[in-house]
Amino acid sequence: EAGVVQSPRYKIIEKKQPVAFWCNPISGHNTLYWYRQNLGQGPELLIRYENEEAVDDSQLPKDRFSAERLKGVDSTLKIQPAELGDSAVYLCASSLAGGREQYFGPGTRLTVT
Amino acid sequence: GDSVTQMEGPVTLSEEAFLTINCTYTATGYPSLFWYVQYPGEGLQLLLKATKADDKGSNKGFEATYRKETTSFHLEKGSVQVSDSAVYFCALGGTGFQKLVFGTGTRLLVSP
């Protein structure tokens, strides 16, 4: 069974540029999560989807971050414009609805210069 | 709010040594507790979990016991291997288990 797929794995951009990350969850997993992991820290939840509905986006900086999960499968996280402080690893995870175990993708390492 | 505190690393051990990584938590209600491991260049993998007080989670020789009285979930392994070198994260799952709160991670380095 394929795991959570993320792309790209690495991205380097200049500040003020836009960037987008893509995630394909495990087949059949209704719940999808985006986390941000700063260097030397644990992941922090940005947004959680149940199917196509964002049910917890309280930690998403809505002035520059947006996310979507059309058709309740793949998801895209966007930053526009990026700032130096956005440099981090962006992790996607998925789980069954109401599931207790989240499965993580390899992450996208973003560097903003 | 909910929080997790882990011992700072790196933890440096020789192969076959005994490992303990301390983890304590603060939470309302009765959270589930998890240990995740992150190998270089990879995503987080669930190592073990415990869903109620006094439960012991175990996997690959690692184990941790959910201690409600001390709000702890320390990770232990009797004999570490070089291949165990990684970053270990303690996490708690709140009501509904939908939101994981992670500690800052502890890097383990095992030398031959």
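The values are calculated or read from the model by the stated rules, or taken from the named source; none is laboratory data. Bear in mind the structure is a predicted one, so any value in this text is a computation, not a measurement. Neighbour counts run over all protein chains shown; Cβ positions are idealised from the backbone, glycine included. Calculation scope for accessible area: heavy atoms of the full protein, side chains included, ligands and nucleic acids excluded. Shrake-Rupley method; radii C 1.70, N 1.55, O 1.52, S 1.80 Å.
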- Task: Select, from A:K16, A:K78, A:K11, the only residue that is open to solvent by 60 Å² or more (accessible area, probe 1.4 Å), in contact (Cβ under 8 Å) with a residue 12 or more places away in the chain, touching a strand residue (DSSP E or B) at 6+ places or on another chain (Cβ under 6 Å) and closer than 13 Å to A:T111 by Cα.
- Result: A:K11
- Using the structure shown, decide if B:L33 is in contact with a Leu (Cβ under 9 Å, 6 or more places away or on another chain) and at pLDDT 95 or above. no
- Query: Looking at the range A:36-55, which of its residues are part of a strand (DSSP E or B), surrounded by 15 or more Cβ atoms within 10 Å (Cβ to Cβ) and without any contact (Cβ under 8 Å) to a residue 60 or more places away in the chain?
  - Reply: A:R36, A:E44, A:L45, A:L46, A:I47, A:R48, A:Y49, A:E50, A:A54
- Query: Which ones in the range A:83-113 are touching a residue at least 12 places away in the same chain (Cβ under 8 Å), part of a loop (DSSP other than H, G, I, E, B) and either of a type outside the set (G, A, S) or in contact with an Asp or Glu (Cβ under 8 Å, 6 or more places away or on another chain) (or both)?
  - Reply: A:E83, A:L96, A:A97, A:Q102, A:P106, A:T113
- When every residue in the range A:81-111 that is open to solvent by 60 Å² or more (accessible area, probe 1.4 Å) and not small (G, A, S) is compared, the one nearest to A:A20 (Cα to Cα) is A:R109
- Item | Qualifying position, being in contact with an Asp or Glu (Cβ under 8 Å, 6 or more places away or on another chain), open to solvent by 60 Å² or more (accessible area, probe 1.4 Å) and within 29 Å of A:T108 (Cβ to Cβ), among B:K56, B:K49 | B:K49
